[in-house]
Amino acid sequence: METQGRLIVDVARLDTGGERYRGELPAEILELAESEILTPLGGVAYDLFVQLLGHELLVRGTLRQRLKCLCVLCATDFETEATDGEFTAVVKISDETDFLDLTEEVREAIIIALPGYPVCREDCKGLCMTCGTDLNTAVCKCREAGRDNRWVALDTLMM
């Protein structure tokens, strides 16, 4: 059951064999600061199987969040998906627990799955440090003109 952007499990009425919960939570649950590097596209999709085992609630399934990212190497926008294909949570409950909010568990799992260093593709060459040319689409003349200037600041420390 989704209640005002929360994932609430009705423990008191949960089927003894467990139940499947599918849906989407709003991206606002991620509480991401406004960023040019990561922007959620839509909400957090979940497909979970929830099962009561004694005094514990076992939750297993998949979580997905579509994202628009800015490549940290070449500054190109691209879309990707943060996924937790083996989401598992075990929550202790008491006999008095009628409802359980799983929103925080879902939030934490997706935050961990977010790319910390978004790159548009594995072989991205980035930008030239001298002229700013996108080395994925063009070849610049900077390397032909002289030495690689990326290490100049470190070279001065050695003198």
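Rule-based calculations on the coordinates, nothing more; no lab input. This one's a predicted model, so the numbers in the text were calculated from it and none came from an experiment. FYI the Cβ positions are ideal-geometry reconstructions off the backbone, even for glycines, and counts take in every protein chain you see.
Give the angle, between 0 and 90 degrees and rounded to the nearest 10, that separates the Cα long axis of helix 103-113 from the longest principal axis of the Cα atoms of the chain.
The angle comes out at about 30 degrees.
Quick one: compute the contact order of the range 59-143, relative version, from alpha carbon pairs under 8 angstrom and 6+ residues apart, as a percent.
Computed value for the range 59-143: 30 percent relative contact order.
Applying 1/(1 + (r/R0)^6) with R0 = 25 Å to the Cβ-Cβ distance of Leu135 and Leu70, what FRET efficiency is obtained, to the nearest 0.05?
0.90
If each of Ala12 and Thr103 carries a label point 7 Å out from its Cα toward its Cβ, how far apart are those two points in nm?
Using points 7 Å along Cα→Cβ, the separation is 2.0 nm.
Would you list, by chain and number, the lysines whose Cα falls below 19 Å from the Cα of Lys68, excluding same-chain residues fewer than 8 positions away?
Partners within reach: none.
Starting from the Cα of Lys141, draw a straight line to each of the lysines and keep only those under 21 Å, dropping any in the same chain fewer than 8 residues away.
Lys125
Please compute the modelled spin-label separation between Glu36 and Thr83, points set 7 Å along Cα→Cβ, answer in nm with one decimal.
Rounded to a tenth, the inter-label distance reads 3.0 nm.
Sticking with the crude label model, points 7 Å out along Cα→Cβ, report the distance from Thr62 to Ile112 in nm, one decimal please.
Those two pseudo-labels are separated by 1.9 nm.
Just to be sure I understand, if you calculate Rg and Dmax of the Cα atoms in Å for this structure, which of (i) 23.0, 75; (ii) 17.7, 56; (iii) 14.7, 46 do you get?
Structure-derived value, by its label: (i).
Output wanted: per-residue J couplings in Hz (rounded whole) for the range 79-87, from phi through Karplus 6.51 cos²θ - 1.76 cosθ + 1.60, θ = phi - 60°, x for Gly and Pro.
10, 8, 9, 8, 9, 10, x, 10, 4
In the Gaussian network model of the chain, springs joining C-alpha atoms below 10 Å, which of Leu102, Leu25, Leu38 carries the largest mean-square fluctuation?
Leu102
About its Cα centre, how strong a charge dipole does the chain have in debye, to the nearest 20, once Lys and Arg get +1 and Asp and Glu get -1 at the Cβ?
Roughly 860 debye for the chain.
Long-range amide H contacts for Leu73: which residues qualify at under 5 Å (H placed 1.01 Å from N, peptide plane, sequence gap of 5 or more or a different chain)?
The list, which skips near neighbours in sequence, is Cys120.
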